[in-house]
Amino acid sequence: MGELLQLTVNGLIAGSAYALLALGFWVVYGTTRTFHFAHGGVYTLGGYVFYHTLVALGAPFVVAVAATLLVTALLGMAIERFVYRPLRAIGASDMETLLSSLGLYVLIENLVIIVWKSDPRLVPVAEPLQQGLPFGPVWITGLQLVGLVASLGLWGGLALFLRRSRVGKAIRALAADPEMTEIVGINEDRIRLVVYAVGSLLAGCSVVLSAIDTGIAPSSGMSALLIATISVIVGGTNAVSGGVAGGFLIGVVENVGIWKIASEWKQAIAFGVLAAFILLRPTGLLGPRQAK
Amino acid sequence: MDYIFYVLILASLYAILAVSLNLLVGLTGLVSIAHAGFMAIGAYATALLTTKAGANFFAAAVVGMGLAALVAALLAVPTLKVTGDHYIIASFGFQVIIISVLLNWPALTNGPFGISGIPRPSLFGFAFASYPRLLVLAVALAGLAGWVAWRIAVSPFGAVLRAIREDEGAARSLGKDVTRFKVQVFVVGCALAALGGALYAGVTSFIDPPSFDIHESIFILAIVIIGGKGNVLGSMLGALVLIVLPELLKFLAVPSSIADPLRRVLYGVLLMAFMRFLPAGLLRERPAR
C-alpha cells in the first residue's frame, strides 16, 4: 500500500511537470490553432542556454534562469514574426504552417547538435535539494517540491493573467473568434506576439526545472513536445486547465503503471491513454461532451 | 564507382518511401510522421526472417509488408476517425512506440545493438550481391511502387481520396464512407513503406532502431513536400535531390561529426523555404482529368 501511495505521489509530481509543458504548448495551440512543432525546439535551445550560462560561463543560478527565459521568449516571438506571420500573409494552409514548423524544429535541434554536440549534459544541483524529505509515509525531494510549487504557481498565474488582464482577455478573444477580434479593434498580430512570448516563456520554465532534474539533450524537446501534445489532447483543447488535467492524469497513470509494467514502457503507457481518449472521448477530459 | 551506385540505390529506396507517403500526405491530405515506423516493421521482419529462419529475402519482404498492413489497419481504424491535428499526434505517438518496442524487446529485436549480417536479396539463384545489381533491383521496386501509386491516383478510388482531401464533409455527404477510404489508402501506403524497409535491410545488411526514428519520418515527409504533394514523379525527384545534395557536402571536407546534423539543417531549411515560396513543391500535382 505504501508503495502504491509513493508511486501516486511520484505520478503527481511527474504530472505537474507534464502539466507545465502542456500549459506552454496550449497557450499557443489553444489560442492560435497553430500546431507549433518548433515549440520543442524552443524548449531544447532554452535548456542549452541554461546549461551554457550556468555551467560553461559559471553565471549565478538566477542569471542563468533569466537568460533562459529571455532567450525562449524572444525566440518564440521571432518565430511568430518571421515564420508564421509571412505564412499567414500568403494564406498558407494549416498543413503548410505545420510543415514549416516541423522544418524549423529540425533546424533548431540540429544547430544545437552542431554547437553543443549530441551527448546529454547534466546540470549540477545543490546537495540539499536532492535529499528526500519524509511527508508521512512518502518521500519527496526538495527538487520535486520546487517543481510542484512552480508548476501550480505558473498555472495559477496564467489563469489569472488570461482572466483579469486586458491582454489576457484579448488572447481569449482571439482563441474564441479571430475575425471578431480584429473587428472590435484588437491588433491580432500584436496579441499573437504576446501569445508566443508567454508560451515560450513557459517552455523556458519547464526546461529549467527538467534540466536541474535530469539534464538536457538535443532530443529533449521532442519528448517534451510529445508529452505536451498528448496531455492537451487528453485534457481537452478548449480550456487552460485541460492540458493541466491531462498532464496530471498521464503522470499518475505512467507512474502507477510502473508498479506492474517495466519503466521503459512509460511512453507506451502515455500513448495508450491517448488512444483510449481518442476512441472514447475525443474532446478530452474537460472538453464538451459531444464532438462538433 | 560503387559509391555512386550506393547513392543511387539510396535515392531509389527513398523514392519508394516518399511515393508511398505521398499517397497519404499528397493524395489524401493525411500528414503522417510515422512512416519510418512502418519502414521499420518491414526491415525488422525481413532481417529476422532471413537471418533466423533462413527465409528468402522476397518472401520475408512480403511477410513484412503484410505485417505492416495489419498494424496499419489496427492503428488506422481508431485514429483515422478523428481528423487533423489529433491524427498527427497519434502518428507521432505511434512512431515513438515503434522505436520503444524495438529498443525494449531485446529477445526479438536485439535491442539497441540491432541486427547484422542480413543477407543480400536473391531470386531463383540470382544473387543481387553487387551494387550495380542492387541498383537494378532498387530501381525496379521504385518503379513498381510508383506504378501502384500512379494507378491509385488516376483511379476512381484516387478521385475519392482527393475529394476527401479537399472537402471531407462534401465527400461524406455524397455517400462516401470516408473512414473506410482513408483506412484503405493508409494500409496500402504503409505496406509500401515496409517494402522500402525490407530493401533497406537487404542493401545495408545492418539495421538498428535509430535508422527508423522520427527524424527518418520527417526526412521522408520533407522529400514528399519538396518533390511536390500529389505528384508521383515529384516524390522520385525529391528523393534524388535530397539524397544527392547532402552527399555533395562530403566534397566540402565537412568534419563527419557535423555532416549529419548539417544534412538535417539543410532539409529543415528547405522545408521552410518551400512552404514559404513554393508550397506546391518541385513538380506540382497535375489537375485531374
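Does A:ALA268 satisfy the criteria of being surrounded by fewer than 16 Cβ atoms within 10 Å (Cβ to Cβ) and either at pLDDT below 85 or part of a loop (DSSP other than H, G, I, E, B) (or both)? Judged against the criteria, A:ALA268 is not a match. Summed over the range A:79-105, residues that are in contact (Cβ under 8 Å) with a residue 24 or more places away in the chain, surrounded by 14 or more Cβ atoms within 10 Å (Cβ to Cβ) and within 8 Å of chain B (Cβ to nearest Cβ) total 6.
Within the range B:59-80, the presence of a residue that is surrounded by fewer than 19 Cβ atoms within 10 Å (Cβ to Cβ), under 21 Å from B:SER211 (Cβ atoms) and either in contact with a strand residue (DSSP E or B) (Cβ under 7 Å, 6 or more places away or on another chain) or basic (Lys, Arg) (or both) is excluded.
What residue, among those in the range B:98-108 that are free of Cβ contacts under 8 Å to residues at least 24 places away in the same chain and not in a loop (DSSP other than H, G, I, E, B), is farthest from the other protein chains (Cβ to nearest Cβ)?
So, considering only residues that are free of Cβ contacts under 8 Å to residues at least 24 places away in the same chain and not in a loop (DSSP other than H, G, I, E, B), the one farthest from the other protein chains (Cβ to nearest Cβ) is B:ALA107.
Looking for whichever is assigned to a helix (DSSP H, G or I), more than 8 Å from chain B (Cβ to nearest Cβ) and modelled with pLDDT of 95 or more here; the options are A:LEU74, A:LEU129. Which one fits?
Exactly one of A:LEU74, A:LEU129 is assigned to a helix (DSSP H, G or I), more than 8 Å from chain B (Cβ to nearest Cβ) and modelled with pLDDT of 95 or more, namely A:LEU74.
When A:GLY47 is tested against (1) of a type in the set (Gly, Ala, Ser); (2) surrounded by fewer than 23 Cβ atoms within 10 Å (Cβ to Cβ); (3) in contact with a strand residue (DSSP E or B) (Cβ under 8 Å, 6 or more places away or on another chain), only condition (2) is not met.
Taken together, the residues in the range B:220-249 that are buried (at least 22 other Cβ atoms within 10 Å of the Cβ), under 20 Å from B:MET272 (Cβ atoms) and of a type outside the set (Gly, Ala, Ser) amount to 8. Mind telling me which of the residues A:GLY11, A:GLY46 ends up being assigned to a helix (DSSP H, G or I), modelled with pLDDT of 95 or more and within 20 Å of A:GLY215 (Cα to Cα)? So the residue among A:GLY11, A:GLY46 that is assigned to a helix (DSSP H, G or I), modelled with pLDDT of 95 or more and within 20 Å of A:GLY215 (Cα to Cα) is A:GLY46.
Among the residues of the range A:132-152, just one is within 20 Å of A:PHE61 (Cβ to Cβ) and either within 14 Å of another protein chain (Cβ to nearest Cβ) or outside any helix (DSSP H, G or I) (or both), namely A:THR141. Among the residues of the range B:93-108, those identified as surrounded by 15 or more Cβ atoms within 10 Å (Cβ to Cβ) and among the hydrophobic types (A, V, I, L, M, F, W, C) are B:PHE94, B:VAL96, B:ILE97, B:ILE98, B:ILE99, B:VAL101, B:LEU102, B:LEU103. Could you list, in sequence order, all residues of the range A:56-71 that are touching a helix residue (DSSP H, G or I) at 6+ places or on another chain (Cβ under 6 Å) and either in a helix (DSSP H, G or I) or within 14 Å of another protein chain (Cβ to nearest Cβ) (or both)? Of everything in the range A:56-71, those that are touching a helix residue (DSSP H, G or I) at 6+ places or on another chain (Cβ under 6 Å) and either in a helix (DSSP H, G or I) or within 14 Å of another protein chain (Cβ to nearest Cβ) (or both) turn out to be A:ALA64, A:VAL65, A:ALA67, A:THR68, A:LEU69, A:VAL71. If the condition is being more than 14 Å from every other protein chain (Cβ to nearest Cβ) and exposed (fewer than 13 other Cβ atoms within 10 Å of the Cβ), then the range B:109-120 contributes B:PHE113, B:GLY117. Among the conditions (1) under 19 Å from the mean Cα position of the chain (by Cα); (2) modelled with pLDDT of 90 or more; (3) away from chain A (no Cβ under 12 Å), the only one that B:LEU134 does not satisfy is (2). Of note, A:ILE233 does not satisfy the criterion of being closer than 21 Å to A:TYR43 by Cα, more than 9 Å from every other protein chain (Cβ to nearest Cβ) and surrounded by 24 or more Cβ atoms within 10 Å (Cβ to Cβ). The residues of the range B:73-124 that are within 23 Å of A:TYR29 (Cα to Cα) and at pLDDT 80 or above, listed by number, are B:TYR87, B:ILE88, B:ILE89, B:ALA90, B:SER91, B:PHE92, B:GLY93, B:PHE94, B:GLN95, B:VAL96. Of all residues in the range B:251-278, those being more than 10 Å from chain A (Cβ to nearest Cβ) and modelled with pLDDT of 85 or more number 1. The residues of the range A:243-269 that are of a type in the set (Asp, Glu) and at the interface with chain B (Cβ under 10 Å from one of its Cβ atoms) amount to a single one, A:GLU264. Listed by position, the helices (runs of 4 or more DSSP H) contained in the range B:171-289 that have at least 1 residues being more than 18 Å from B:SER12 (Cα to Cα) and without any contact (Cβ under 8 Å) to a residue 12 or more places away in the chain are B:178-204, B:256-277. Considering the range B:182-219, the residues that are within 14 Å of chain A (Cβ to nearest Cβ) and not aromatic (Phe, Trp, Tyr) include one that is surrounded by the most Cβ atoms within 10 Å (Cβ to Cβ), namely B:SER217.
For residues that are among the hydrophobic types (A, V, I, L, M, F, W, C) and out of contact with any Phe, Trp or Tyr (no Cβ under 8 Å at 6 or more places or on another chain), scanning just the range A:223-245, find the one that is nearest to A:GLU264 (Cα to Cα). Looking at residues that are among the hydrophobic types (A, V, I, L, M, F, W, C) and out of contact with any Phe, Trp or Tyr (no Cβ under 8 Å at 6 or more places or on another chain), I get A:ALA245.
The values are calculated or read from the model by the stated rules, or taken from the named source; none is laboratory data. Keep in mind that this is a model prediction, so the values were computed, not measured. Ideal geometry is used to build each Cβ from the backbone, glycine not excepted, and the neighbour counts take in all protein chains shown.
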